[in-house]
Amino acid sequence: MRKDLVGQFSEEQMAGVDRLIEAYRNVPGSLLVVLEKAQDITLYLPVNLQRYIAAGMGIPPSKVSGVVTFYSYFSTVPRGRKVIKVCSGTACYVKRSGEVMERLKRKIGIEAGEVSADGEYSIEEVRCLGACGLAPVVIVGEETFGLIDPEHAEEIIEKNGQRGERS
Amino acid sequence: MTIDELNEIKGSYIDQRKRELEEGVVTVDVHMGTCGIAAGARGVFSALQGEIERLEMKTVKLRVTGCAGLCSMEPMITVHLPGQAPVKYGKLDAAKAREIFYSHVLGGRPKTEYAIGQGLEKPQKRVELG
Amino acid sequence: MISPVSKIAYCASRTCRFRKPIDVRALLEKGLDELGYRDRIGLVETECLISCFQGPSIMLLPGGKVFQVLSEERFTETLRGLISEPQLPTLPPPGEPRIEPDIPGIEHIDFFAKQRLIVLRNRGHIDAESIEEYIAHDGYLALYKALTAMTPEGVIEEVKLSGLRGRGGAGFPSGTKWEEARKYATFPKYVICNGDEGDPGAFMDRSLMESDPHAVLEGMMVCGYAIGARQGYIYVRAEYPLAIQMLRTAIDRARRKGFLGRNILGTGFDFDIDIYPGAGAFVCGESTALMFSIEGKRGMPRIKPPRSTESGLWGRPTCLNNVETFANIPQILLHGGAWFRSIGMEDSTGTKVFSLTGAVKNVGLVEVPMGTDLRTIIFEIGGGIRGNAHFKAVQLGGPSGGCLTEQHLHLPATFDTLQAAGAMMGSGGVVVMDDTSCMVDVARFFTQFSVDESCGKCVPCRVGLKVLLGMLEKIIVGRGEPSDLDRLERQAVHIAATSHCGLGQAAPNPVLSTLRYFRHEYEAHVREKRCPALVCTDLIRFEVDAEACKRCGVCAKVCPVEAISWRKKEPAVLNRDKCIRCKACIRACKFKAIH
């Protein structure tokens with residue numbers, strides 16, 4: 001089982017997952033923590049990896065899958081190097097985050113949940129980020145953009161990474 | 001930890017602030033909650049830090065504090081100049097922050113066009129002033 | 001001679017040079033050379049130094065004295081004088097701080113002046129990463145008081161006396177909850193802080209955890225002492241990385257100072273707190289679901305009783321409160337329950353923090369005494385509606401709350417009055433909407449949210465909400481029939497009556513409240529196939545009303561596909577074959593002439 005996974009993930013990533021399983025195997029109730037940390041390492045949790053973790057933790061794969069699919073934090077499909085997160089909270093919604101989403105999808109040429117051909121971006125709608133004062137809000141990678149003008153939403157992709165001190 | 005130690009921590013913090021006040025240290029609070037950061041507070045912070053380093057100003061202290069509550073005016077800073085009421089500034093960027101730095105922080109003349117208000121909210125107080 | 005000046009900053013802005021074409025740097029270099037200070041005084045180029053429009057300025061550091069270079073003549077002599085003057089910063093004159101006449105005082109700004117800070121008292125005022133600053137602002141004094149001068153029962157009595165009710169939404173009396181949790185002699189017991197602020201539009205808990213994390217920890221410690229627990233957990237949503245970071249730092253500092261761990265303050269009380277990052281599920285705001293989530297399971301609510309105070313986390317007595325609730329505790333102990341009770345209203349005591357967002361001028365966190373009316377919150381503190389739009393509705397309480405209208409603005413915001421009006425205090429999200437929001441669409445938005453977040457355990461919520469959503473979508477695309485409105489209402493009432501947990505029971509509120517107060521908008525959608533707010537694209541005809549059109553041509557300019565033709569003094573004409581229905585023209589038209 002591990003062999004198939006090595007094709008998908010690097011040896012280093014797999015070693016990280018193994019260390020996690022080792023550390024938490026006997027800690028009751030630690031499944032969520034293990035999955036959160038595993039996803040930090042592997043970026044997504046496909047079914048075969050879920051099986052691998054289940055076997056390592058000594059719990060049924062159905063249970064792992066149940067947890068993975070329940071929480072929105074987990075992704076079972078690959079993500080881009082930079083994840084574009086469009087806030088779908090109420091304040092953002094009334095300030096037209098829907099349009100922002102549409103424009104960003106068009107700009108990158110992918111649907112929500114897909115990865116761009118170059119592997120750079122994926123785009124998803126996320127729950128309220130709690131920055132309602134700056135609605136609408138989008139996070140690109142690690143960088144947060146607020147007060148976006150829906151008519152010029154594409155600009156944040158161009159600005160991303162080059163938004164220096166003088167912006 | 002006993003009550004004496006608790007009072008000692010409090011006392012030594014207040015003493016330190018009093019010393020700074022006597023030395024004429026100007027404190028600049030950059031309000032860096034999630035909202036502030038999303039609005040560009042990091043740029044404001046690094047602009048101020050850059051000027052302080054460039055001028056080797058030892059009498060200006062930059063602090064990071066949380067959100068001041070008025071998201072629509074982010075990024076915000078508060079300038080505490082000894083002998084002056086604290087001034088809150090809003091809707092800043094790196095360039096405006098530098099202007100405030102020279103005009104108010106170094107020159108002592110508040111930059112009224114970017115100011116929101118002066119004074120502190122109740123029941124906030126500056127512990128060093130007693 | 002040693003000059004007190006260590007650096008000279010000089011202005012290099014173009015405006016100044018334009019006014020007076022003086023090369024200040026060259027002038028300074030020459031002057032310092034002649035005076036023999038070239039190596040001892042550094043030159044720093046800056047942007048504008050205050051007094052533009054007259055000529056380039058220089059600033060002498062460290063003192064900050066500014067001098068304007070108006071002429072090149074005799075500059076070296078002037079410089080000699082300048083650099084020999086003492087540079088010590090002038091000490092503040094004793095007495096009241098100097099006030100700047102042109103800047104308004106905080107006490108005259110409605111946004112700040114009309115608030116009453118209890119939980120937010122340290123906002124923007126202390127460095128969250130410094131435990132010393134928290135202590136200097138009376139931090140951990142309440143814990144000390146509780147541990148050394150009060151019995152656990154006494155603490156509970158004080159909290160009961162204060163009348164504090166849970167700030168997470170349901171408004172359950174906190175003292176009663178603590179008393180329950182204390183009653184059971186099963187150990188270990190747990191304290192949980194609910195930081196899974198799931199309501200979209202609410203961010204007071206995030207702000208509190210980020211800017212004053214020790215206040216939350218202190219409240220939890222006091223609770224631990226009161227109910228007899230030794231372990232606390234803070235469940236924080238993963239969308240709040242900064243809050244998690246600040247709490248981590250705070251817990252670490254508190255442990256090092258001995259506020260957490262064994263034998264706290266030498267009293268024999270042991271307590272520790274760990275953070276549990278949530279993985280994103282709205283339903284985990286429900287207490288039993290949250291506890292399952294900490295146990296590493298799917299967060300699905302269970303049937304109560306038993307209450308969590310009897311059988312909560314790992315089947316042990318657990319006291320769960322929200323972030324804001326815990327942050328109130330230290331102040332209640334310091335100033336007394338009676339003091340707290342004197343603020344606010346009879347049945348809703350103390351203050352409430354609202355996060356005011358949407359179409360208002362001042363967006364932010366607003367802490368006011370319970371019972372403050374909505375008009376004060378929205379129009380005085382919030383500064384009214386932004387732009388030239390008009391107030392239409394205010395949405396309170398997130399997906400479990402409802403929309404209220406102008407006629408409710410006089411209502412005092414308390415748990416009970418809002419509930420009676422069909423909304424909810426909830427966690428305190430206040431989203432103000434102007435006339436560009438369609439209430440049917442708003443109802444659809446919240447229903448969609450609840451559909452996505454339903455855990456799927458019970459049928460009314462899992463299936464019923466989907467049916468409800470389908471009905472709303474049908475209305476929005478223009479296929480609604482008049483009879484749909486009654487069906488919508490019946491469906492909503494059934495879901496509310498038969499759902500298992502709070503999520504399902506409250507999920508129909510947005511539909512019910514909009515049906516109640518904005519029925520005319522629903523009617524317009526189903527009878528006239530018209531969306532009055534021009535939001536529902538399928539119900540917009542994209543026609544120019546020649547009578548309303550003021551012939552300004554703005555619409556033609558903003559149209560991205562040149563579907564609008566316009567000639568001076570003639571009404572615009574919209575070519576629907578070219579139109580991509582992006583609504584840019586509708587938003588641009590000030591006269592509402594396109595619909």
Check whether at least one residue in segment C:212-235 is crowded, with 24+ Cβ neighbours inside 10 Å, within 30 Å of C:Val432 (Cα to Cα) and at pLDDT below 95, and report yes or no.
no
One residue is enough: does segment C:129-149 have a residue meeting the conditions out of contact with any strand residue (DSSP E or B) (no Cβ under 9 Å at 6 or more places or on another chain), among the polar types (S, T, N, Q) and under 19 Å from C:Gly268 (Cβ atoms)?
yes
Conditions (1) of a type in the set (Gly, Ala, Ser); (2) closer than 16 Å to C:Ala359 by Cβ; (3) free of Cβ contacts under 8 Å to residues at least 40 places away in the same chain: number failed by C:Ala420
(2)
Considering segment B:81-116, residues that are over 21 Å from C:Ile58 (Cα atoms), buried (at least 24 other Cβ atoms within 10 Å of the Cβ) and touching a helix residue (DSSP H, G or I) at 6+ places or on another chain (Cβ under 6 Å), and then whichever is farthest from the other protein chains (Cβ to nearest Cβ), we arrive at B:Leu92
Scanning segment C:501-540 for residues that are in contact with a helix residue (DSSP H, G or I) (Cβ under 8 Å, 6 or more places away or on another chain), at negative phi and among the charged types (D, E, K, R) gives C:Arg519, C:Glu521, C:Glu523, C:Arg527, C:Arg530, C:Asp538
Out of all the residues in segment B:66-74, is one or more surrounded by fewer than 22 Cβ atoms within 10 Å (Cβ to Cβ) and in contact (Cβ under 8 Å) with a residue 40 or more places away in the chain?
no
Per the filter on segment B:42-60, residues within 24 Å of C:Pro213 (Cβ to Cβ) and at pLDDT below 95 are B:Arg42
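Here's the yes/no breakdown for (1) more than 14 Å from chain A (Cβ to nearest Cβ); (2) buried (at least 24 other Cβ atoms within 10 Å of the Cβ):
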position: C:Phe415; (1), (2): yes, no
position: C:Ala421; (1), (2): yes, no
position: C:Ser427; (1), (2): no, yes
position: C:Met433; (1), (2): no, no
position: C:Met439; (1), (2): no, yes
position: C:Gln448; (1), (2): no, no
Does segment A:123-131 contain at least one residue that is under 16 Å from the mean Cα position of the chain (by Cα), within 22 Å of C:Phe282 (Cβ to Cβ) and away from every other protein chain (no Cβ under 13 Å)?
yes
A:Ala91 passes all but one of (1) away from chain B (no Cβ under 14 Å); (2) in contact with a Ser or Thr (Cβ under 9 Å, 6 or more places away or on another chain); which number fails?
(1)
Of all residues in segment C:258-283, count the ones that are over 20 Å from C:Ile294 (Cβ atoms) and touching a Leu at 6+ places or on another chain (Cβ under 8 Å).
6
Picked from segment C:370-413 (must be assigned to a helix (DSSP H, G or I) and among the polar types (S, T, N, Q)), the residue surrounded by the fewest Cβ atoms within 10 Å (Cβ to Cβ) is C:Gln407
Here's a check for you: in segment B:68-80, which residue that is out of contact with any Cys (no Cβ under 8 Å at 6 or more places or on another chain) and within 14 Å of chain A (Cβ to nearest Cβ) is farthest from B:Val30 (Cα to Cα)?
B:Ser72
With the requirement that a residue be assigned to a helix (DSSP H, G or I), surrounded by fewer than 18 Cβ atoms within 10 Å (Cβ to Cβ) and free of Cβ contacts under 8 Å to residues at least 24 places away in the same chain, what does segment C:519-538 give you?
C:His520
Hey, does segment C:60-69 have a residue that's more than 9 Å from every other protein chain (Cβ to nearest Cβ), more than 30 Å from B:His31 (Cβ to Cβ) and out of contact with any Leu (no Cβ under 8 Å at 6 or more places or on another chain)?
yes
Reported set for segment B:48-60 where residues are more than 14 Å from the chain's Cα centre (by Cα) and more than 8 Å from chain C (Cβ to nearest Cβ) is B:Gly50, B:Glu53
Are there any helices (runs of 4 or more DSSP H) wholly within segment B:19-106 with 1 or more residues that are among the β-branched types (Val, Ile, Thr) and over 29 Å from C:Asp110 (Cβ atoms), and if so which?
B:41-55
Elements of type helices (runs of 4 or more DSSP H) contained in segment C:110-201, each with 3 or more residues being within 9 Å of chain B (Cβ to nearest Cβ):
C:110-113, C:131-136, C:141-149
So which of C:Arg516, C:Arg541, C:Arg581 is surrounded by fewer than 17 Cβ atoms within 10 Å (Cβ to Cβ), assigned to a helix (DSSP H, G or I) and touching a residue at least 40 places away in the same chain (Cβ under 8 Å)?
C:Arg516
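Being modelled with pLDDT of 90 or more and over 42 Å from the mean Cα position of the chain (by Cα) narrows it down to one of C:Asp577, C:Asp545, so name that one.
C:Asp577
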Taking segment C:162-210 and the residues there that are under 19 Å from C:Arg316 (Cα atoms) and of a type in the set (S, T, N, Q), the one that is modelled with the lowest pLDDT would be C:Thr186
Can you pull out every residue in segment B:18-35 that is farther than 21 Å from B:Gly107 by Cα, surrounded by 18 or more Cβ atoms within 10 Å (Cβ to Cβ) and more than 7 Å from every other protein chain (Cβ to nearest Cβ)?
B:Met32
When you look at A:Val100, is it of a type in the set (A, V, I, L, M) and either facing another protein chain (nearest Cβ under 8 Å) or under 30 Å from C:Cys403 (Cα atoms) (or both), yes or no?
yes
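The values are calculated or read from the model by the stated rules, or taken from the named source; none is laboratory data. What you see is a predicted model; the values in this text were computed from it and never measured. Please note: Cβ atoms are built from the backbone with ideal geometry, for glycine as well, and neighbour counts cover all protein chains shown.
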